[in-house]
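Data first, discussion second: the structure below is written as structure tokens.
Just so it is clear, none of the values below were taken in a lab; they were calculated from the coordinates. All values reported here derive from a predicted model rather than from experimental measurement. Positions of Cβ are backbone-derived with ideal geometry, glycine not excepted, and every protein chain shown enters the neighbour counts.
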């Protein structure tokens with residue numbers, strides 16, 4: 001299957017996921033821009049998120065699971081309520097904020113390398129080419145915003161509401177920061193059309 | 001400058017950095033294994049670390065600076081003492097645990113792609129080819145362990161010693177986990193020699 005066919009398939013998948021509410025709408029504008037460039041198409045991407053993750057202290061594979069996830073700013077009460085609900089039920093929970101992460105396919109290696117170089121300067125410091133298939137080069141680009149705090153340990157809430165408030169404030173600021181990077185990425189993508 | 005010359009230069013740099021105590025000794029065995037493979041050589045790498053980072057709430061560029069860094073397990077008292085010392089002096093400080101990150105140059109693109117695919121299964125989930133120059137392919141591989149907690153905000157310590165103890169316990173467990181991945185990586189590199 002050539003690049004054009006793969007792209008058509010990816011666009012169909014995106015349309016279906018959109019219908020099913022599976023697409024992070026904050027990143028949709030960027031995905032549309034990527035897909036408007038003939039040599040590129042978008043794969044799974046996220047505009048940044050704030051979530052609560054179950055984890056096992058042995059950190060065995062497959063133990064990580066979301067118990068809360070939002071691609072928007074959060075308010076302390078909604079997280080606090082959720083944590084109160086989880087206390088006693090879940091063994092270990094982590095509060096996590098992560099910056100934007102995008103997967104993009106390029107038809108062309110040198111164009112992918114140029115793109116990676118450029119977006120590094122826009123703040124997508126991590127990532128690279130993660131695979132090359134016959135007709136396409138798959139890139140992952142990632143912004144570095146991160147908050148990652150254990151909040152329930154051995155079924156007990158280990159933070160105060162005041163501290164959660166501070167985590168929420170910082171995480172919301174970092175979401176804004178990652179969104180600004182997405183805006184700049186959007187402007188750059190416009191210039192490639 | 002061809003691959004062999006670049007490799008010779010990188011080895012000289014590594015030797016100099018070793019003399020100056022700039023190399024994370026926990027990762028040295030892996031670097032030596034990488035350098036024993038004719039088509040590969042090592043670039044800046046880290047076996048995982050626990051650190052304290054200054055940060056600015058505006059998250060302006062260049063504001064991140066280490067005030068503590070160790071590539072080994074830490075004990076609560078040493079971090080607590082450091083935090084007490086920093087309280088009132090530093091505006092914002094983050095407690096950070098990060099997994100291993102390695103940069104490797106390969107002479108050959110398809111060998112680099114094979115390597116990336118293989119090490120993803122060993123737990124180096126993030127990373128890829130970050131640049132391609134005439135004679136070499138530069139890869140970054142990263143393990144995903146992470147703890148990232150604001151501990152001083154507006155010059156005030158915002159966590160208890162008990163909570164720090166819990167952060168230290170988890171961070172030390174995660175260091176062990178990243179070291180196990182490095183061991184597996186070592187075995188794989190042995191098989192490539």
Practice item. Principal axes first, then extents: for the Cα atoms of region B:3-192, list largest minus smallest coordinate on each axis, whole Å, largest first. Key: 51, 31, 29
Practice item. Just report the Cα centroid separation between region B:1-69 and region A:138-184, whole Å. Key: 27 Å
Check your understanding: For chain B, what does -39500 (n - 2.57) per DSSP helix run (n ≥ 4), summed and divided by total residues, give at 222 nm, in deg cm²/dmol to the nearest 500?
Key -> -14000 deg cm²/dmol
Practice item. Any chance you could give the angle, 0 to 90 degrees and rounded to 10, that helix A:109-121 forms with the longest Cα principal axis of chain A? Key: 40 degrees
Study note, to complete from the structure: Averaged over the residues of A:23-35, the number of partner chain Cβ atoms within 10 Å of each residue's own Cβ comes to 0
Review point. Based on Cα positions only, what radius of gyration and what Dmax would you give for region A:57-145, in angstroms?
Key: 18.3, 53
Review point. Going 7 Å from the Cα of residue B:155 in the Cα-to-Cβ direction, what parts of region B:63-99 have a backbone nitrogen less than 12 Å from that spot?
Key: B:87-92
Practice item. Find every distance from the label point of residue A:193 to the corresponding label point in the other copies (7 Å from Cα along Cα→Cβ) and write them in nm, one decimal, shortest first. Key: 5.6
Point to revise | Percent of C-alpha pairs per 10 Å bin, the protein assembly as shown, short to long | key: 5, 21, 30, 27, 15, 3, 0
Point to revise | Euclidean distance between Cα centres, region A:77-120 to region B:80-117, Å | key: 17 Å
Exercise for review: Please determine, in degrees from 0 to 90 and to the nearest 10, the orientation of helix B:76-86 with respect to the longest principal axis defined by the Cα atoms of chain B, where the helix direction is its Cα long axis.
Suggested key: 70 degrees
Exercise for review: Enter the angle in degrees (range 0 to 90, nearest 10) between the Cα long axis of helix B:3-19 and the first principal axis of the Cα atoms of chain B, meaning the one along which they spread out most.
Suggested key: 40 degrees
